[in-house]
């Protein structure tokens with residue numbers, strides 16, 4: 001059975017959220033938040049991008065105006081913008097946790113701290 005590999009001229013929307021968003025004043029999850037609040041898409045979004053937003057938004061929940069991601073394990077994670085996430089990670093690194101840890105270990109320590 002042949003394997004079909006497609007090349008795309010544009011990056012997928014998930015990578016756009018994390019890598020392509022150079023504007024740090026606007027949080028990475030702004031498009032998802034706008035969709036959850038008002039069911040509106042970014043103005044330059046095509047049909048595939050709108051589908052991607054709807055698919056991503058199904059994994060998120062709004063609670064008291066804050067956006068949370070629900071993991072497959074049922075853990076609810078608060079979505080943070082760049083500056084807040086940096087403060088949280090620096091706080092964990094500067095305490096007894098130590099400067100060298102993997103991403104999953106750091107995530108577990110942050111979740112234990114609340």
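For this structure, a couple of remarks:
- Tally, over the stretch 56-74, of residues that are out of contact with any strand residue (DSSP E or B) (no Cβ under 9 Å at 6 or more places or on another chain), loosely packed, with under 14 Cβ neighbours inside 10 Å and at negative phi: 3
- Screening the stretch 35-49 for residues that are out of contact with any helix residue (DSSP H, G or I) (no Cβ under 9 Å at 6 or more places or on another chain) and in a helix (DSSP H, G or I) and picking the one that is nearest to residue 86 (Cα to Cα) gives 37.
- All positions within the stretch 1-21 that are closer than 18 Å to residue 80 by Cβ and either surrounded by 10 or more Cβ atoms within 10 Å (Cβ to Cβ) or modelled with pLDDT of 55 or more (or both): 14, 17, 19, 21
The values are calculated or read from the model by the stated rules, or taken from the named source; none is laboratory data. Computed from a predicted model, the values in this text were never measured in an experiment. Using ideal geometry, Cβ is built from the backbone for each residue, glycine included, and neighbour counts are taken over all protein chains shown.
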